[in-house]
1. Tell me which trypsin sites (Lys or Arg not before Pro) from region 14-44 have a DSSP coil assignment and no more than 16 other beta carbons within 10 Å of their own.
2. With +1 on the Cβ of every Lys and Arg and -1 on the Cβ of every Asp and Glu, and nothing else charged, how large is the dipole of the chain about its Cα centre, in debye rounded to the nearest 20?
3. Hey, any idea what Rg/Rh is for the chain, computing Rh the Kirkwood way over Cα pairs?
4. Got a sec to turn the phi values of region 4-19 into Karplus ³J(HN,Hα) couplings, 6.51 cos²θ - 1.76 cosθ + 1.60 with θ = phi - 60°, whole Hz, x for Gly and Pro?
Amino acid sequence: MAILNVYVDADTMKRLKRASREENRSVEDLAEAAIAEAALNSDRDRRFGK
């Protein structure tokens, strides 16, 4: 698995921390899932149109 460093603004970090507490998942886990979902959506949109 590749390591990716990303910067997020303060509001995004607050949202991630809140979701982390509510879902009992790490911020990193939530960010990883969001990036994976965005990549899948982008690939699907390119292949099949939006």
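Just so you know, all these numbers are worked out from the coordinates, no wet-lab data involved. Computed from a predicted structure; not experimentally measured. Note: ideal-geometry Cβ built from the backbone for every residue, glycine included; neighbour counts use all protein chains shown.
1. Numbers: sites: LYS14, ARG15, LYS17, ARG18, ARG21, ARG25, ARG44; in loops: ARG25.
Counting only loop positions with at most 16 other Cβ atoms within 10 Å, the trypsin sites (Lys or Arg not before Pro) in region 14-44 are ARG25.
2. Working: 10 positive and 10 negative charges, 33 e Å.
About 160 debye.
3. Details: Rg = 13.1 Å, Rh = 12.3 Å.
Expressed as Rg/Rh, it is 1.06.
4. The phi angles translate into 10, 9, 10, 10, 10, 6, 4, 5, 5, 5, 4, 5, 5, 5, 5, 5 Hz.
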